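Novice: Have a look at this one before I ask anything.
The values are calculated or read from the model by the stated rules, or taken from the named source; none is laboratory data. Keep in mind it's a predicted model, so treat the numbers as computed, not measured. Note that each Cβ is placed from the backbone with ideal geometry, even for glycine, and that neighbours are counted across all protein chains shown. Keep in mind that these areas ignore ligands, DNA and RNA; they rest on the heavy atoms of the full protein, side chains included. Shrake-Rupley method; radii C 1.70, N 1.55, O 1.52, S 1.80 Å.
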Amino acid sequence: MNEVAEISRPARKVTKLADLTPSQIEAIRKIPAEKDAVLVPFTATRPNAIFTGQERYVLEQEKIFRRYPVPVTISALLEPGSVVANDSHGLPLLIARTRDGSIKAYINACQHKGAKLIEDCAVHKQGRLTCPYHAWTYNLDGKLIGVARGEAFEEFDKGTRGLAELEAREWGGLVYVQLNRDIAADWSQLSLQVAADFTALGLPIAHVYGRKTFDLAANWKVVLEPFLEGYHVQRLHAASIGDRFQDAPNIVDMFGPNIRQVSGRIGYVPEMLDEDPSSNVHKLVTHAYTAFPNCVVVTSQYYTSVMLLVPRAPGRTIVEYFMLTPEPASTPKAEEVFARSYEMILAVFGGEDFRAAEISQQGLEAGVPSETIYCGLESNIVRYYEAIEALL
């Protein structure tokens, strides 16, 4: 649900239809012309308390966010020999890529007195982590390799004082981490098909053009809902991008609690897919994914948006937004396109989608409506809630 209008396309890599997975291609070929789309009436409700209640928030933390691995950052952010700190889940984390390319996750705490080794959220290209308090030093494998005035400690064994490691895995360009160290990671809710789709879309090797954190006064599901439905697009986005997207149901596939939606842009007819096999498929169709439990991926003609929606309270969500491009801008025209794209998408998501979530949360917290009603253009929301509720 994003695009830049009336901008010349820079010379750059594109995603062709043939680059996608067979499953993606099959779904795309099911998209009808807008005039042939069939809207099936639908009604379902959910109670106010799932967005405002402390009891539901605690249950989601226990049964989902502290039970299963969750996405913490994206693979493309980390080159070999680099590390980034992340506090979005309320737990001080370090995500590192060692020189051999493997991903590691640790508690961001020195084993001496618990001080954070990195205090900002920038990506650091470095092979060692030194505590700012007493200068204990670790390598990116988590091993304690240096202790200032080590002779002052009696019978001290550095081998037992490495960083506290968490189970971590890369999954289609996302870095998932098991936040609860007391239970083994259960990867069963992740989808091999979605990982393959993300790889085909180029997420693992993309360039991180932009990155921004939003702190929103809204429940994470209220923030998520617009990315699961097309009902709002021509209405909420009427002054920005609404006229570029069909007001029709998407083609939807579910892989466990993961949802893939594909839709045609305005003017799309199926014959367009075969007119030029070398063209950018993102000019014709949009992919929108909800990857378990809280990651949103939306494709566009020039870039891909990745958002991690992290619940911090019943009415508070941290959104980590990443704008990915196939490669860095190689010409002034490409830089102009990417810069304008980034400015536009922050305005659309931040000023429209996220604003809608916050003003909705205010009414919900006032008790109105007592239940939310969903229509045929919002049925994906209910599908997702059913999958999440089955885990609660």
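Novice: Take the solvent-accessible surface of the protein heavy atoms, probe 1.4 Å, and return the percent of it on the stretch 79-216 that carbon and sulfur atoms account for.
Specialist: Numbers: 3150 of 6780 Å².
Reported share for carbon and sulfur atoms: 46 percent.
Novice: Still on this structure, I have one more. Relative contact order for the stretch 1-156 using alpha-carbon pairs under 8 Å, separation at least 6, rounded to a whole percent? Working shown, then result.
Specialist: Details: 158 pairs, mean separation 18.7, N = 156.
In percent, rounded to a whole number, it is 12.
Novice: Okay, next question. With runs of 4+ DSSP H residues as the only contributors, calculate the mean residue ellipticity of the chain at 222 nm using -39,500 (n - 2.57) per run, divided by the residue total and rounded to the nearest 500.
Specialist: Working: 9 runs with 78 residues, N = 392.
For the chain, the value works out to -5500 deg cm²/dmol.
Novice: In addition: Between residue 115 and residue 44, what is the spin-label point distance in nm, taking each point 7 Å from the Cα along the Cα→C-beta axis?
Specialist: Taking the simple label geometry, residue 115 and residue 44 are separated by 5.2 nm.
Novice: Of the cross-linked pairs 16/283; 125/333; 13/333, which ones have a Cα-Cα span greater than 22 Å in the structure shown? Intermediate values should be presented prior to the final figure.
Specialist: On the way: 16/283 10 Å; 125/333 29 Å; 13/333 14 Å.
Exceeds cut-off: 125/333.
Novice: Which residues make up the longest stretch of the chain clear of GluC sites (Glu not before Pro) that lie in a DSSP loop with no more than 15 other Cβ atoms within 10 Å, not counting the sites? The partial results should precede the final answer.
Specialist: On the way: sites that count: 6, 119, 154, 155, 275.
Answer - 156-274.
Novice: Here is a further query. Would you work out what percent of the accessible area of the stretch 262-306, with all protein chains in place, is carbon or sulfur (probe 1.4 Å)?
Specialist: Here carbon and sulfur together make up 55 percent of the probe-accessible area.
Novice: Express the relative contact order of the chain as a whole percentage, based on alpha carbon pairs under 8 Å and six or more residues apart in sequence.
Specialist: About 25 percent, as a whole number.
Novice: May I pose another question? Could you size up the charge dipole of the stretch 207-294 around its Cα centre, putting +1 on the beta carbon of Lys and Arg and -1 on that of Asp and Glu, and report it in debye to the nearest 20?
Specialist: Using only the charged Cβ atoms, the result is roughly 420 debye.
Novice: Would you be so kind as to identify which of 91, 39, 126 lies farthest towards the positive end of the dipole of the chain, taking Lys and Arg as +1 and Asp and Glu as -1 on Cβ and the Cα centre as origin?
Specialist: 126
Novice: Could you run the Karplus curve 6.51 cos²θ - 1.76 cosθ + 1.60 with θ = phi - 60° over the stretch 45-54 and give me ³J(HN,Hα) per residue in whole Hz, x for Gly and Pro?
Specialist: Those phi angles translate into 10, 9, x, 3, 5, 6, 9, 10, x, 5 Hz.
Novice: Starting at the first residue of the stretch 372-389, write each ³J(HN,Hα) from the Karplus equation 6.51 cos²θ - 1.76 cosθ + 1.60 with θ = phi - 60°, in whole Hz, x for Gly and Pro.
Specialist: The phi angles translate into 8, 10, 10, 10, x, 8, 10, 5, 4, 4, 5, 4, 5, 4, 4, 5, 5, 5 Hz.
Novice: Please determine, in degrees from 0 to 90 and to the nearest 10, the orientation of helix 332-348 with respect to the longest principal axis defined by the Cα atoms of the chain, where the helix direction is its Cα long axis.
Specialist: Between helix and principal axis, roughly 80 degrees.
Novice: Next question. Taking the solvent-accessible surface of protein heavy atoms with a 1.4 Å probe, what is the per residue accessible area of the chain in Å²?
Specialist: Numbers: 16720 Å² over 392 residues.
Per residue, the chain has an accessible area of 43 Å².
Novice: Using only the Cα atoms of the stretch 283-392, each taken as one equal point scatterer with no solvent, compute I(q) by the Debye sum, divide by I(0), and report log10 of the ratio at q = 0.20 Å⁻¹.
Specialist: Debye curve over Cα of the stretch 283-392, log10 I(q)/I(0) at q = 0.20 Å⁻¹: -1.31.
Novice: Let me ask another. Tell me which residues come under 5 Å, amide H to amide H, from residue 287 once H is placed; ignore anything under 5 positions away on its chain.
Specialist: 299
Novice: Continuing with the same structure: Using the crude model of +1 on Lys and Arg Cβ and -1 on Asp and Glu Cβ, and no other charge, please compute the dipole size for the stretch 59-186 relative to its Cα centre, in debye to 20.
Specialist: It works out to roughly 180 debye.
Novice: Can I ask one more? In whole Hz, with x marking every Gly and Pro, tabulate ³J(HN,Hα) for the stretch 15-31 from phi via Karplus 6.51 cos²θ - 1.76 cosθ + 1.60, θ = phi - 60°.
Specialist: 9, 8, 4, 5, 6, 7, 6, x, 5, 5, 4, 4, 5, 4, 6, 8, 5
Novice: For the chain, modelled as a Gaussian network with Cα springs under 10 Å, which listed residue fluctuates most, 312, 161, 169?
Specialist: So, out of 312, 161, 169, the one fluctuating most is 161.
Novice: Counting Lys and Arg as +1 and Asp and Glu as -1, each charge on the Cβ, what is the dipole of the chain about the Cα centre in debye, to the nearest 20? Don't jump to the answer; show the numbers that get you there.
Specialist: Values: 39 positive and 48 negative charges, 147 e Å.
The dipole of the chain has a size of about 700 debye.
Novice: Set Lys and Arg Cβ to +1 and Asp and Glu Cβ to -1, take the dipole of the stretch 123-234 about its Cα centre, and tell me which of 178, 220, 146 lies farthest positive.
Specialist: Selected residue: 146.
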